[in-house]
1. Here are Ser156, Ser203: which of them is touching a strand residue (DSSP E or B) at 6+ places or on another chain (Cβ under 8 Å), part of a strand (DSSP E or B) and either more than 30 Å from Ala56 (Cβ to Cβ) or not hydrophobic (A, V, I, L, M, F, W, C) (or both)?
2. So Val64 fits all but one of (1) under 26 Å from Ala224 (Cβ atoms); (2) more than 27 Å from the chain's Cα centre (by Cα); what number is the exception?
3. Which residue pairs have Cβ atoms under 9 Å apart, sit 6 or more places apart or on different chains, and have a first residue in region 288-311 that is touching a residue at least 24 places away in the same chain (Cβ under 8 Å) and farther than 13 Å from Glu278 by Cβ and a second that is small (Gly, Ala, Ser) and surrounded by 15 or more Cβ atoms within 10 Å (Cβ to Cβ)?
4. For the subset of region 168-191 comprising residues that are aliphatic (A, V, I, L, M) and touching a residue at least 40 places away in the same chain (Cβ under 8 Å), which member is farthest from Leu132 (Cα to Cα)?
5. Output the strands (runs of 3 or more DSSP E) that fall wholly within region 223-271 and possess 3 or more residues being modelled with pLDDT of 80 or more, under 30 Å from Asn195 (Cβ atoms) and out of contact with any Gly (no Cβ under 7 Å at 6 or more places or on another chain), or say none.
6. Tell me, yes or no, whether region 85-92 has at least one residue that is outside the structural domain of Trp207 (by TED's automatic domain parsing), in contact (Cβ under 8 Å) with a residue 60 or more places away in the chain and not polar (S, T, N, Q).
7. Identify, from the list Ser156, Ser165, Ser149, the residue that is in contact (Cβ under 8 Å) with a residue 12 or more places away in the chain, within 30 Å of Asn237 (Cα to Cα) and either surrounded by 13 or more Cβ atoms within 10 Å (Cβ to Cβ) or outside the structural domain of Ile286 (by TED's automatic domain parsing) (or both).
8. Of all residues in region 77-124 being among the small types (Gly, Ala, Ser) and more than 25 Å from the chain's Cα centre (by Cα), which is farthest from Val62 (Cα to Cα)?
Amino acid sequence: MFNSIVLDKSHKLNKYNNGLIRLLKNIKKKIMKSVFSLLLLLTLSNLNNASAQCIANAGSDVIVCAKLNGMDTVQIGGVPIATGGTPPYTLAWETYHQFTIGQYTFEYNASDILNDTTIANPTIITNPETPLQFTLTITDANGLVCSDSMLVRFSSFGTHLGSMSHYIHQGDSVQLNLGNLIGGISPVQYLWRPNHGLTDSTSLTTWAKPDTSISYYITATDSAGCSETGAPVHHVNVTPVSVNSIDNNSRIKLYPNPTNDFLNINIESTSNEPTTIELIDVNGRIIKTLSTTEKRIKWNLEKIAKGSYLCKLSNNSNLIKTQRIIIE
């Protein structure tokens, strides 16, 4: 009887333990399901938050070519202008620039520069001639706000209507040492046209040796590819060289060359007509002149500035000889 009691108690204990084990397993399953549901909920929540973020795209920085007769048409803003958030979007472009001339102060806002400050890709309509940073602010349908910025630079050239006239004899040359275009985004390249008679059409200090009268103009192109062409600035007037001489037996020598004080002029001729001698600079101006019937002349050039000159000899308005003289 004692053994049956012990066995009965043992059976009840095993049954209790088995029930407890099943209970614990059920609790574990429920906990695992709850943890999985929570993780899934957190993941979906993060995805929803990520898609709710607003990202503005103001686009790349741009350079506007502002020409003398108007600007190139340039639009700003990215494509697409925004991602994320909840459409529709409200857009606002902003910038500010202030400058003073004398006692007057001027201000520029985005509405002064752009055709519309509330659209995705507005057009630039005004050139303030200074770099401007534009800020794009976007607000989505739920009130989320995001922003981005970009830089606008302006390339422009200035010019003037002044010009220079040069007078040379055929076979002589003159230096084109001044253009009429300034500005642009450096480095700036230059090109003289027409190309006739030039030693280097890309140099601002080129020499011109045209056969006939001609006018030269210049085109400037900057590092952004913006270019401008000025009005003719150098007018070179070429006088044809006459073959007339004092007589068939005349011979003329000019020496030393280069010189720094005196120029010896020897005229071998049987003619007694006076000879006119002129010293002309590279701009066609007569610097010094002499009229004489002498055949041996020692011309004083001590007070003449260093440089390249043209020595012209003529008789009765007929050209006898021209020669380039260097004064050192």
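1. On the way: Ser203 fails: part of a strand (DSSP E or B).
Step by step, each of Ser156, Ser203 is checked, and only Ser156 is touching a strand residue (DSSP E or B) at 6+ places or on another chain (Cβ under 8 Å), part of a strand (DSSP E or B) and either more than 30 Å from Ala56 (Cβ to Cβ) or not hydrophobic (A, V, I, L, M, F, W, C) (or both).
2. Only one criterion is unmet by Val64, namely (2).
3. From region 288-311, the pairs are Lys295/Ser269; Ser308/Ser173.
4. Ile168
5. Numbers: elements: 227-229, 234-239, 251-255, 262-268.
The qualifying strands (runs of 3 or more DSSP E) are 227-229, 234-239.
6. Yes, region 85-92 contains a residue that is outside the structural domain of Trp207 (by TED's automatic domain parsing), in contact (Cβ under 8 Å) with a residue 60 or more places away in the chain and not polar (S, T, N, Q).
7. Details: Ser156 fails: within 30 Å of Asn237 (Cα to Cα); Ser149 fails: within 30 Å of Asn237 (Cα to Cα).
Only one candidate qualifies: Ser165.
8. The initial filter retains those residues of region 77-124 that are among the small types (Gly, Ala, Ser), namely 77-78, 82, 84-85, 92, 102, 110-111, 120.
Now drop any that are not more than 25 Å from the chain's Cα centre (by Cα), which leaves 82, 84-85, 92, 102, 111, 120.
Working: Ala82: 19, Gly84: 25, Gly85: 27, Ala92: 19, Gly102: 31, Ser111: 18, Ala120: 16 Å.
Selected residue: Gly102.
The values are calculated or read from the model by the stated rules, or taken from the named source; none is laboratory data. Just so it is clear, the structure is predicted and the values come from calculations on it, not from any experiment. Ideal geometry is used to build each Cβ from the backbone, glycine not excepted, and the neighbour counts take in all protein chains shown.
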